Structure formats: C-alpha cells, structure tokens
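Taken together, the values in this text are just the output of simple stated rules run on the coordinates, not laboratory data. Quantities reported herein were computed from a predicted structural model and do not represent experimental measurements. When we count neighbours, we look across all protein chains shown, and the Cβ atoms used for this are built from the backbone with ideal geometry, even at glycine.
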Amino acid sequence: MSAPVRVSGEAASAQANALGRLLSGGYIELRTGAQPAKPESPATGVMLAKLFFDDPATLPADGGLLVLHPLVPEQSAEADGDAGWFRAYGSDGRPVCDGSVGTKDATLILGSTHIQQGSRVVVQAGTFIVQRA
C-alpha cells in the first residue's frame, strides 16, 4: 500500500482552486445525520436546505485554504431537523465533496444547526482546506 503524498503550498493551492472551479455555479445541500464515507455514496439523511454557489464560488486559494464567496441563502427551508453535514454539487449536478457543518470549527459555519421548515437559512462562512506537507 502506498503512503500519502505530501504536496507544497503551491500544489495544495492548485488543487484547492480546481475544487473551487468544480463548485462554481453549483449548490450545497444541508442534511441531517452522519456524513457518508465518500461523496460517491448515496446521500443520507433528510435534505433540509439547498443553497447555491456564485460563479466563481471561491476566492483564489492560498496555501491550500479555499474561502467560499457567500452562498445564496435558502429563503424557505425544505424540512425541520438538525444539520449534520453537507454535500456540494457542481453546476452539472454531480457530487463534488462532503463536509461538516456547525456553529464553529466546521467547514461550513451556520448561525444554528437546527433548521425549521420554511425558515431562511444562511451559511455565515465556509472554508475548505487541501492538506499539504
């Protein structure tokens, strides 16, 4: 079995920028429950809200850190529940990545992870990190 490759900050930024291009014009779904093992796995939990990325979706990466532009808020949440994870899709509707949601120390920061049907949902901040050496 091979070991992970360690990449430079420049290479991590290139990978992060490629991720940003895939997200541009796409959307995220906030979902209940536990995050699946990989984005190719079927989405689990209840879809609570769908928020859309701008194009471009992100600022240019720095050292593998990718900061999202503000997402278009969901004006009326689809269902009640506690957001446990998100799945991001490209503009073609194919899954790109999954990640954590929370009020701090998460990929996507929300004001509250408890979402009520019909309420407005806003992502306060979002950062993706591509690991480097």
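Over the chain, what is the mean sequence separation of C-alpha contacts under 8 Å (at least six apart), divided by residue count, expressed as relative contact order in percent?
Computed value for the chain: 29 percent relative contact order.
Compute the signed sum of charges (Lys and Arg +1, Asp and Glu -1) over the other residues within less than 15 Å, Cβ to Cβ, of ASP82.
Cβ neighbours under 15 Å give a net charge of -2.
Please list, in order along region 22-38, the HN-Hα scalar couplings obtained from phi with the Karplus expression 6.51 cos²θ - 1.76 cosθ + 1.60 (θ = phi - 60°), rounded to whole Hz, x for Gly and Pro.
The phi angles translate into 5, 7, 4, x, x, 7, 10, 10, 8, 10, 7, x, 9, 5, x, 5, 7 Hz.
Computed from these coordinates, which is Rg/Rh (Cα atoms, Kirkwood Rh): [x] 1.13; [y] 0.95; [z] 0.98?
Here Rg/Rh (Cα atoms, Kirkwood Rh) agrees with entry [z].
Rounded to the nearest 5, what % of the DSSP beta bridges within the chain are antiparallel ones?
95
Roughly how many debye, to the nearest 20, is the charge dipole of the chain about its Cα centre, given +1 on each Lys and Arg Cβ, -1 on each Asp and Glu Cβ, and no other charges?
Magnitude of the dipole: close to 240 debye.
Between SER8, GLY33, LEU59, whose Cα lies farthest towards the positive end of the dipole of the chain when Lys and Arg beta carbons carry +1 and Asp and Glu beta carbons carry -1, centred on the Cα centre?
In the chain, that residue is SER8.
Would you mind checking which residues have amide H under 5 Å from GLY33's amide H? H placed 1.01 Å from N; only 5 or more apart, or other chain.
GLY84
Taking θ as phi - 60°, what are the ³J(HN,Hα) couplings along region 14-19 by the Karplus curve (6.51, -1.76, 1.60), each to the nearest whole Hz, with x for Gly and Pro?
Once rounded to whole Hz, the list reads 4, 5, 5, 5, 5, 4.
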